[in-house]
Amino acid sequence: MTDISPAEEVEAPPVDPNEVRLTINGHEVVSTKGEMVIAAAARAGDYIPHFCYHPRLEPVGMCRMCMVDIDGGRGPMLQPACMVPVSPGMKVDTGSPATKRAQEGIIELLLANHPLDCPVCDKGGECPLQDQSFSHGPGESRYVEEKRHYEKPIAISDIVFLDRERCILCDRCTRFADEVAGDALIQFNSRGNNTHITTFPDEPFASYFSGNTVQICPVGALTAKPYRFKARPWDLAQQESTCTTCAVGCRTVVQSSHDELLRYMGVDSDPVNHGWLCDRGRFNFESVKSADRLLQPLVRQADGFQPATWSAALAEAASLILEAKAAGGPKSIAVIGGARGTNEDAFAWSRLGHEVIGTPNVYSQMGDGLPADLLLLDRATIDQAASATTIVLLAPDLKEELPILYLRLREAAEKKRSRIIEFAPKQSGLTRNAWRHFAYEPGTQVAAVEKALADPEIAAQFAKGSVVVVAGRGNLAETSTATVRAIRTVLAANPGSRILPAFRRGNVVGALQVGMRTADGGLDTRAALQAAADGKIECLVLVGADPLTDFPDTDLARRALAGARRIVAVDTFLTPSALLANVVLAASAYAEKSGTTTNIEGRVTTVAQQVNPAGNTRADWMIAAELALDLGGDFAYETIDDVTADIAWHVAGHEAITPEALATAKDGIIAGLLPAMAQAKLLEAVIPERNSYDFRLVVSRTMYDQATGTANSPSLAHLATQTMVHLHPLDLGKVGTTEGATVKMSSTRATIVLNVVADPAVLRGTAWVPFNHSGANVGDLIDCTAAVNDVRIENL
Amino acid sequence: MTRLNEANVIIAKEIIGRYPKARSATIPLLHLSQQQNGYVTNEAMVQIAEMVGATSAEVLGTATFYEMFKFEPVGKYLVNICGTLSCALMGSETLLHHAEGKLGVKAGGTTEDGLFTLERAECQAACTEAPCLQVNYRYRYKVTTAELDQLLDDLAAGRLDGEVPPHGTVARVRQHIPADKAVGPVPPDAVVAPPAWITEGAK
Ligand code: SF4
Ligand code: SF4
Ligand code: FES
Ligand code: FES
């Protein structure tokens, strides 16, 4: 007898209204509304060959390679899987005879005009067209006619070359340029058989993100100068790593051959970079193998620097530190830097500073950031920022300083997820995506924010949902005081908002978090330099820090380096500051050492060693550990993992970030709650009225400047321009000057001579000068303790 | 002066004003520039890009898609002789050779005096009247070599000035829509309700 008792009442699991069930090759696949068949199939492990489809670009259905049999209820039909969204009950067959015929046909057509120069093509061996011709092609061609001919590669920018014969017109590069980068500088030209990619005559594809097109081009049509004809893919060894050029922390693959770095590729990390890299991060590997690298320690003798053995150099450094301690106590020693390296480097140096030397004067920002205690505020992730209802920018130009963060926030605005409210002294890359842009003259930032907050429309916008404040230093020619106040004003008006620090330098957040920050009563970089200038510093330790180049107030940096009795420098190049040191310890560069790095979100990811350290260089953490031994401390570090584990053990918020955990955490691990820090005292100074003859100075960085990584990468170095002063076109008359003319620019500090650019992005009454460019040095004009810096500009 | 001249800039602004998105005016503005100079100049494309908020590359990409935009100087009269099947069967090849001989240029070329550009064209949708040709896109049907000679002579002598305007002229009368008669473009982003033809139709 069958049991017909009523079925037990079980609570039906809630059905996700967006869930779509379909069948792919006979098995059921659960997908979500809006997903394209090709993506659902990929997740289910059914590969559908394709060229134009890219998960991070809008579908276009250009190449037709993804045609498969799709039965949406009216019988199987060949349809492009990249253009057809899933629907309930849909049946997909990726291996039907019709599909196979379509694939062979498409490959034959694509190859009809393809030069088949695989043996001399950089893409050969990693080429989707080559691979899919083998896996899905007919094996032979019926096409015997003459192929289309074009001049072999033409330069479409300083870095990227285009071979139009190889191009299969997939629209990936052009979509990337338009949709993702917002630089629609390459386009399809003409029609039919004549279609080809072009730039406008004399307007090159000068995008900060151009390298990505090379990475996503499914054939060898686009190649990048630094890698052209350098290697074959099967000769490359590679490891996943993280870019530490800026603090976005994009995931990369670092590739080398015969112990030589050859290429970085972007890895698609969903929370961070979506596979993209900026050109600066992608191509500055050239600097690692630069002939100008510092290859061994140097010790200053009566007749200048002499190469030294490590033991001699370390002994010299140790004795300088001990002398300094004896002369002025531990507080007369300051350690500056640590942002260039890994967390392990920074941690070892912070221990050396705080524990072994015993000084509270340890700091890793170069006077161009914001107080470290901002890191204690509720921190947003990049994802949270890029999905916030409102994004408030109180930051430098993200396109120039944190390029991939710019891409992420640009996307948020383009896709209408977020509204951007920008406060800036000058228009930025994001201004055209901003819902509201408030230009303020330095000194009026807080007032501008207060005024905006009082606007009911803006208040209503804030009330609509989550708020993320992107906070950084928009102007190096004023103290950070106004920006900190402005941030606190926004936070006070919108409790619950989160903050994403737009700190720029490589691993500066990691360095601050693991301990390269002042202890009670310690001197930050500005204060330490001031003390050195006043003759109160017995020994200055520069860990990958170059105040002469990076500190905004060059005069103070110069006086500090002259006033410090002893200088120990650790660096990869003989920088202007290292040139003044008593001992220079030669450090290994990126990709020559492993470890971890922390991005602006607090996300800790791994950095891989891919090549052997150049010359006789050592990783910063090793240098710190050995110096500690000479100074009577013992860190007991043998491997990098010992240091990572030590951080997990000792640094609050890093408990879970062990080498073992990192090995499996694909997207890294976000550090937890940091230990308390005292709120930094803000520099108070009166904001003077601007004399109507004067211009208020705005100084910020651009992507390509004289940074060692850029200046020592031949493919990038020439992209950095000379220092020029940018004035609003309507202000040129005020000075009686014209575009391109040479002017004299004076502050209370100094006078520099430079050329004028008319630039409508600059606010009237202000003068914008990029920092750390060649030629005139704007740092000479800046007084870093002044609330604002005014300059007078005169025609020469 | 290969940018749009002052009078045309005013017209361009009027045209842009007709569209909810400035970019939509790209093609009308390309026509305007072709009308001014007989072809589309690079300078005009840069200017159009500025006016409609696109990049010059986007304007170039759009423009080059269309056969009827020219990017090099063409003659005052563009003579397109159809070379597709029906016309070919009815002797267009002879016609073309004849024209080449008379004008002294090969198909695709422009006479030295800048008066004529000769082109072999694809089907002009007048197959029943083969062989046919167009002068500045004005048709001539069932053309004989003698008629071709006559046509070219008349054009050269200016006898057809009233009938065939110079290359680039889309229409001799330009439409101006007074502000009170204009629809008033609504930017797509600002549209809140579905259009009347949907709401009304549903009733
Ligand atoms: S250059 Fe490469 S990415 Fe661009 S359309 Fe051609 S094949 Fe596609
Ligand atoms: S955005 Fe920053 S982290 Fe990303 S590739 Fe560029 S420099 Fe590197
Ligand atoms: S991948 Fe679908 S059409 Fe190109
Ligand atoms: S073939 Fe000449 S008009 Fe159609």
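Within the stretch B:14-31, being in contact (Cβ under 8 Å) with a residue 60 or more places away in the chain and touching a Pro at 6+ places or on another chain (Cβ under 7 Å) holds for B:Arg18, B:Tyr19, B:Pro20, B:Lys21.
B:Ala107: out of contact with any Cys (no Cβ under 9 Å at 6 or more places or on another chain), within 14 Å of chain A (Cβ to nearest Cβ), free of Cβ contacts under 8 Å to residues at least 40 places away in the same chain and not charged (D, E, K, R), yes or no? Here the answer is no, as B:Ala107 does not meet what is asked.
When each of B:Ala126, B:Ala156, B:Ala171 is tested for being open to solvent by less than 30 Å² (accessible area, probe 1.4 Å), more than 16 Å from ligand 1 (Cβ to nearest atom) and more than 14 Å from every other protein chain (Cβ to nearest Cβ), the lone residue that passes is B:Ala126. Scanning the stretch A:662-684 for residues that are open to solvent by less than 60 Å² (accessible area, probe 1.4 Å) and not in a loop (DSSP other than H, G, I, E, B) yields A:Leu662, A:Ile669. Tally time: how many residues in the stretch A:214-239 are within 15 Å of ligand 2 (Cβ to nearest atom) and either within 14 Å of chain B (Cβ to nearest Cβ) or surrounded by fewer than 17 Cβ atoms within 10 Å (Cβ to Cβ) (or both)? Total meeting the criteria: 0. Of the residues making up the stretch B:43-66, those that are under 21 Å from B:Pro166 (Cβ atoms) and within 11 Å of another protein chain (Cβ to nearest Cβ) are B:Glu43, B:Met45, B:Ala63, B:Tyr66. When B:Tyr39 is tested against the conditions (1) closer than 27 Å to A:Gly182 by Cα; (2) open to solvent by 40 Å² or more (accessible area, probe 1.4 Å); (3) away from chain A (no Cβ under 12 Å), the lone failure is (1). Taken over the stretch A:707-746, the criterion of being within 19 Å of A:Asp550 (Cβ to Cβ) and in contact with a helix residue (DSSP H, G or I) (Cβ under 7 Å, 6 or more places away or on another chain) is satisfied by A:Thr708, A:Gly709, A:Thr710, A:Ala711, A:Asn712, A:Ser713, A:Leu716, A:Ala717, A:Ala720, A:Thr723. One residue stands out in the stretch B:18-33 among those that are under 17 Å from B:Glu6 (Cα atoms) and open to solvent by 10 Å² or more (accessible area, probe 1.4 Å): the one that is nearest to the other protein chains (Cβ to nearest Cβ), namely B:His31. Is at least one residue of the stretch A:216-229 at negative phi, away from ligand 1 (no atom under 15 Å from the Cβ), outside any loop (DSSP other than H, G, I, E, B) and touching a Gly at 6+ places or on another chain (Cβ under 8 Å)? Checking the stretch A:216-229: not a single residue is at negative phi, away from ligand 1 (no atom under 15 Å from the Cβ), outside any loop (DSSP other than H, G, I, E, B) and touching a Gly at 6+ places or on another chain (Cβ under 8 Å).
Filter the stretch A:154-196 for residues that are within 19 Å of A:Arg56 (Cβ to Cβ) and of a type in the set (D, E, K, R); which is farthest from the chain's Cα centre (by Cα)? Filtering the stretch A:154-196 for residues that are within 19 Å of A:Arg56 (Cβ to Cβ) and of a type in the set (D, E, K, R), the one farthest from the chain's Cα centre (by Cα) comes out as A:Asp171.
One residue alone among A:Pro138, A:Pro115, A:Pro119, A:Pro153 is outside the structural domain of A:Ile48 (by TED's automatic domain parsing) and farther than 30 Å from A:Arg408 by Cβ, and that residue is A:Pro153.
State which residue is farthest from A:Val468 (Cα to Cα) when the search covers only the stretch A:514-529 and only residues that are in contact with a helix residue (DSSP H, G or I) (Cβ under 7 Å, 6 or more places away or on another chain) and crowded, with 24+ Cβ neighbours inside 10 Å. So the residue we want is A:Leu529. Please go through the stretch A:686-724 and pick out each residue that is open to solvent by less than 40 Å² (accessible area, probe 1.4 Å) and closer than 18 Å to A:Gln445 by Cβ. A:Phe695, A:Arg696, A:Leu697, A:Val698, A:Val699, A:Ser700, listed by residue number.
If I ask for residues that are touching a Leu at 6+ places or on another chain (Cβ under 7 Å) and among the basic types (Lys, Arg), which ones from the stretch A:449-473 would you list? Hit for the stretch A:449-473 is A:Arg473, nothing else.
For the stretch B:175-183, indicate whether the set of residues that are in contact (Cβ under 8 Å) with a residue 24 or more places away in the chain, more than 16 Å from ligand 1 (Cβ to nearest atom) and either in contact with a Ser or Thr (Cβ under 8 Å, 6 or more places away or on another chain) or open to solvent by less than 90 Å² (accessible area, probe 1.4 Å) (or both) is non-empty. For the stretch B:175-183, residues in contact (Cβ under 8 Å) with a residue 24 or more places away in the chain, more than 16 Å from ligand 1 (Cβ to nearest atom) and either in contact with a Ser or Thr (Cβ under 8 Å, 6 or more places away or on another chain) or open to solvent by less than 90 Å² (accessible area, probe 1.4 Å) (or both): present. Scanning the stretch A:479-503 for residues that are more than 30 Å from A:Ser332 (Cβ to Cβ) and open to solvent by 10 Å² or more (accessible area, probe 1.4 Å) yields A:Ala482, A:Arg485, A:Arg488, A:Thr489, A:Leu491, A:Ala492, A:Ala493, A:Asn494, A:Pro495, A:Gly496, A:Ser497, A:Arg498.
Given the condition within 16 Å of ligand 2 (Cβ to nearest atom) and at pLDDT 95 or above, answer yes or no: does some residue in the stretch A:38-58 qualify? Scanning the stretch A:38-58 turns up at least one residue that is within 16 Å of ligand 2 (Cβ to nearest atom) and at pLDDT 95 or above.
Is there a residue in the stretch B:75-92 that is within 14 Å of chain A (Cβ to nearest Cβ) and out of contact with any Pro (no Cβ under 7 Å at 6 or more places or on another chain)? No, the stretch B:75-92 has no match at all. Quick one: in the stretch A:164-192, of everything that is outside any loop (DSSP other than H, G, I, E, B) and free of Cβ contacts under 8 Å to residues at least 60 places away in the same chain, which residue is farthest from the other protein chains (Cβ to nearest Cβ)? By that ranking, first place goes to A:Cys173. Does A:His149 satisfy the criteria of being in contact with a helix residue (DSSP H, G or I) (Cβ under 7 Å, 6 or more places away or on another chain) and either farther than 25 Å from A:Arg282 by Cβ or aromatic (Phe, Trp, Tyr) (or both)? Answer is no for this residue. Scanning the stretch A:232-270 for residues that are part of a loop (DSSP other than H, G, I, E, B) and within 18 Å of A:Ser287 (Cα to Cα) gives A:Cys243, A:Thr244, A:Thr245, A:His258, A:Asp259.
Can you say whether B:Thr169 is within 25 Å of the chain's Cα centre (by Cα) and either polar (S, T, N, Q) or assigned by TED's automatic domain parsing to the domain that holds B:Ala22 (or both), as far as the supplied structure shows?
Yes.
Filtering the stretch A:193-215 to residues that are within 10 Å of ligand 1 (Cβ to nearest atom), of a type in the set (Val, Ile, Thr) and outside any helix (DSSP H, G or I) leaves A:Thr195, A:Ile197.
The values are calculated or read from the model by the stated rules, or taken from the named source; none is laboratory data. Quick caveat, the model's predicted, so the values are computed rather than measured. A quick note on method: Cβ atoms are made from the backbone with ideal geometry, for glycine too, and the neighbour counts reach across all protein chains shown. Just so you know, the surface numbers come from the protein's heavy atoms only, side chains and all, with ligands and any DNA or RNA stripped out. Shrake-Rupley method; radii C 1.70, N 1.55, O 1.52, S 1.80 Å.
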